[in-house]
Amino acid sequence: MNFSLNEMEATAKRATRGAGYSWGQAEEASKAARWLCAQGLDGAGILSSLLERGLASDPATHRPGQIDRLWQGEEALCPLSAGPLLSDAAHLLKTSPIEMRNVAVPALMLPFARHAASILNEALTIEIDTVQSVVGEDWLMAPDSLPKTAHTVVVSRGGAPTATREQETRAYPDPQDWDMLNRYAHRTYAPATEESRLLGAGSGLSDND
Amino acid sequence: MDAQTQTQIERRDPATVMRLSRLGSLHQCRLSFMRQLTRRMARENWSFTRPVFDIDANGVGRAVYTSQGPDRTYSLVAFAHDLPPEQRSDRVIAEAWDATFALFDGIPTEADIDRLSRNVPLQEAGRVSESELSLSRANRSVRLWDHVVKSLAAGQQPDVEQIYQVGYLMRTTAVYGSGKFGAADREKVADRPETQAPFQVEMLSVFLTRAFVRDLVQHMANVQGGDQAATLDPEISRWLGIGNSTGLGMAPFIVNHPVLFNNWIMVREEAIARVRSVDVASDAEIARFRDVFERSRLSVSWWRSEHPIQVKKLEALKADLLLISEYLRQDNLTADRPWNRLVDWSETALSEEGQELLASLILEPYGDLVDGLASCMADTRSQAFVIDGTMSIGTVRDLIRETYAWALDLDWDVRENCARAWYVSEEKLEPRMGERFDEPISDYEQPLAPARDAAAAYDALGGWEDTKPVAEFLLRHPEHRHTIRRVQMTPSAPYGEIRDNTIGSKVLPIDMLRAKLSFFGATHFDPRSDRWVRICMYSGAPYPEELTSENADLWVYPQEPT
């Protein structure tokens, strides 16, 4: 089954929130998953593999300790922490490349590198261990699949794509990944109760008039 | 929208405009999405056909209505059902409807219609495809439907008084666009001239739905009355609009789309400022204004609501109309910036209902100053989402103070200031609002209290140096990312933020619903509770086959049939 990119985004937002991330990170994860799908990558699979790792339960250990040196956490870096930081601190790339260690689901760094490319108005090269991707504001050169974790990720200015990915207008998630995202999303829904049904919405009047 | 150069009178202050009580008093204007659509279709000479109308004697079947513009065709695929009365609910939690619809991008084949017939009647439980632009459903106004069918079947025309007072034969209970349930994303149509403006797909779907409903009621009367059935008089059917029944889904929409909502409000404010800046009005402009004012009085006289809040507001509006009449008797409106004088006076003399009605009406003579602004109402700046991490914490603090000063003074721990919480129920994902301290809902709260969150972010910024970039703060405090994003939008989207408490014990969600619906062009707001409202769309409008440049615009202002 295929889904609209809007469905992908809405589900990803709820799922990320359901997995314990902040609303702001959920917003960013949802745009990221949508963009990955638009690039023909497996946005749903990539996001669900991150949510499964449960990093949101202890965010402080999964974010860079400092901005101006090597980005490293006490534990694996969460791309929903390091990714937004890459976009927020894109200007640092003007001085030198940004290097990160022990990054979980590094494919999720790509959408944020794209924001950084847009801010700097130039292409960026992202090296995930030995795999190289290049991203611009509206294009991406990357292989179909990327490692589940990276020992090192290096983001630097410049890079010329040899072939950019074709754009997709739909998302084609693996049903298992889609189900998993929906299971996380479900955690954001309040249980159905009679009281909620009666008082939470509607008019309390008959519509059969 | 950089048009301040033409304007001497400034736009009204967001701190005034964006209060909930004022947003809950907005009226349609010539920028509304329905009127943009009908003007365009007339200007471009769209043509309309009904290639399929296959409905049986029980009122069950399918129909297709096509609308052809200069470059593309859009088709409403309609399914009529025989709904048991006990299942007739306008809530999201309903599972069956009197009629269901999809707007197809192009002309559907038999196979498309068959595919849709297996999905569209199920609504949320079905799937549509990238070929469909919207998915919707409607329920009958049982009272008026029965009256019209019976009258026509007996060879008589229906009673116009009943039609004026109800306003529609069916009301839509959701019109889903933008990729919902598998439909095409907004991006598919966002660059087309006819769908660049917001909600044009949805407005077209409803415009065609109205024609289908008229044809269906005639069909049912013909079935019942046989040879003696009368044909509905076009002068009467014109007053049949399409209703809409709306719950809390629209409130999150305007909070979650601050740039889009800003564009709607800012465009209207810019239009008001331009007209207020007109030095001298011509006789024709004055005549147009006086005409639409008189016609508005007729429209207001048909406006019914039993909800105590709206009853009071209608009383005030009716008193306002008398005061405006009196003003217009004494002022010939010709010179000294007549519209500015009128607006200045309204702020001292009228309720917010009356003030906003006047602010909309003064735009009517000035299509040349106003209509071009419509192209600025969509949100095309997706980059506004990206946070500027280099912004200094001092600047962020200043921005928060500018937009949310009132919220910083509020004690958000006091019960009445945070009594409510917005949430999504697992029951068909219906958006709801509840009592935070009485119901187990706060764990599921949606981020729909930007002012409270801004106050919290402001507090958290307390110990941080002004000169530090906000990126450092956000690294340690991801819980404030959504707030900092909004705060950074406020300089370019000053009308994007509601300047009131959206979770206080006294919040009226219907104010948020009305603000959105007024931009659709809705009339006759009829709250059924503090979180539920019925409205009327397209009442007075020409039907597709009647549409001309002469009747495409001012149809929203009724003229009593002679």
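Have a look at B:85, B:74, B:59 and report the one farthest towards the positive end of the charge dipole of region B:1-127, computed about the Cα centre with Cβ charges (Lys/Arg +1, Asp/Glu -1).
Checked the options; the winner is B:74.
Only Cα pairs within less than 10 Å get springs; with that Gaussian network setup on chain A, which residue of A:121, A:182, A:102 has the largest fluctuation?
Most flexible of the set in this elastic network: A:121.
As I understand it, the dipole of region B:464-526 uses +1 on the Cβ of Lys and Arg and -1 on the Cβ of Asp and Glu, about the Cα centre. Which of B:503, B:483, B:525 lies farthest toward its positive end?
Value computed over the given set: B:525.
Could you list B:53, B:199, B:293 so that the one with the fewest beta carbons within 10 Å of its beta carbon is first and the one with the most is last?
B:53, B:293, B:199
Output the 0 to 90 degree angle, nearest 10, between the alpha-carbon long axis of helix A:79-88 and the longest principal axis computed from the alpha carbons of chain A.
70
Among A:140, A:70, A:110, which one shows the highest mean-square fluctuation when chain A is modelled as a Gaussian network with alpha-carbon springs under 10 Å?
A:70
What average count of beta carbons from other chains do you get within 10 Å of the Cβ of residues in A:185-197?
Taking all residues of A:185-197 together, the mean is 6.
Using a simple charge model, +1 on the beta-carbon of Lys and Arg, -1 on the beta-carbon of Asp and Glu, nothing else, what dipole does the protein assembly as shown show about its Cα centre, in debye to the nearest 20?
Rounded to the nearest 20 debye, it is 200 debye.
Suppose we flag GluC sites (Glu not before Pro) only when DSSP calls them loop and at most 12 other Cβ atoms lie within 10 Å. Which is the longest uninterrupted stretch of chain A?
Between the exposed loop sites, the longest stretch runs A:75-165.
Averaged over peptide B:529-535, how many Cβ atoms belonging to another chain are found within 10 Å of each residue's Cβ?
Per-residue shielding by partner chains comes out at 3.
Counting other Cβ atoms within 10 Å, which trypsin sites (Lys or Arg not before Pro) in region B:432-510 have at most 16 and lie in a DSSP loop?
B:506
Go through region B:410-515 and name the GluC sites (Glu not before Pro) that are in a DSSP coil and have 12 or fewer other Cβ atoms within 10 Å of their Cβ.
Hits after loop and neighbour filter: B:465.
Once phi is turned into θ = phi - 60°, what whole-Hz ³J(HN,Hα) does the Karplus curve with 6.51, -1.76 and 1.60 give for every residue of region B:412-421, x standing for Gly and Pro?
6, 8, 5, 3, 5, 7, 9, 5, 10, 9
What do you get for the angle between helix B:509-520 and the principal long axis of chain B? Use alpha-carbon atoms, 0 to 90 degrees, nearest ten.
60
With charges set only on the Cβ (+1 for Lys and Arg, -1 for Asp and Glu), what does the dipole of region B:33-247 come to about its Cα centre, in debye to the nearest 20?
With only Lys, Arg, Asp and Glu charged at Cβ, the dipole is about 480 debye.
Which of B:444, A:172 comes first, and how do the rest follow, when ranked by fewest Cβ neighbours within 10 Å?
Fewest to most other Cβ atoms nearby, the residues stand as A:172, B:444.
Using alpha carbons only, how many degrees (0 to 90, rounded to 10) separate the axis of helix B:200-225 from the longest principal axis of chain B?
Tilt of helix B:200-225: around 30 degrees.
Measure out, as a whole number of angstrom, how far apart the alpha-carbon centroids of region A:102-155 and region B:96-127 sit.
That distance is 41 Å.
With unit charges on the beta carbon (Lys/Arg positive, Asp/Glu negative), name the residue among B:158, B:244, B:204 whose Cα is farthest towards the positive pole of the charge dipole of the protein assembly as shown.
The one lying farthest along the dipole's positive direction is B:244.
Convert each backbone phi in region B:384-395 into a coupling constant with the Karplus relation 6.51 cos²θ - 1.76 cosθ + 1.60 (shift: θ = phi - 60°), then list the ³J(HN,Hα) values in order as whole Hz, x for Gly and Pro.
Each residue's phi maps through the Karplus curve to give 4, 5, 7, 6, 8, x, 7, 4, 6, 4, x, 5 Hz.
Using a 10 Å cut-off on Cβ to Cβ distances, tally the other chain neighbours for every residue of B:479-487 and report the average as a whole number.
For peptide B:479-487, the averaged partner shielding equals 4.
Mind telling me which of A:108, A:86, A:198 comes out most flexible in a GNM of chain A, alpha-carbon contacts under 10 Å?
A:198
Do the sum for chain B: with -39,500 (n - 2.57) for every DSSP H run of n ≥ 4, divided by all residues, what is the mean residue ellipticity at 222 nm, to the nearest 500 deg cm²/dmol?
Taken over chain B, the calculation gives -12000 deg cm²/dmol.
Placing unit charges on C-beta atoms (Lys and Arg positive, Asp and Glu negative, everything else neutral), compute the dipole magnitude of chain A about its Cα centre in debye, rounded to 20.
400
Write out the trypsin sites (Lys or Arg not before Pro) in region A:127-209 meeting two conditions: DSSP loop, and at most 16 other Cβ atoms within 10 Å of their Cβ.
Those satisfying the criteria are A:148, A:187.
Where a number appears in this text, it was derived from the coordinates with a stated rule and is not lab data. Quick caveat, the model's predicted, so the values are computed rather than measured. All Cβ positions, glycine included, derive from the backbone under ideal geometry; neighbour counts span all protein chains shown.
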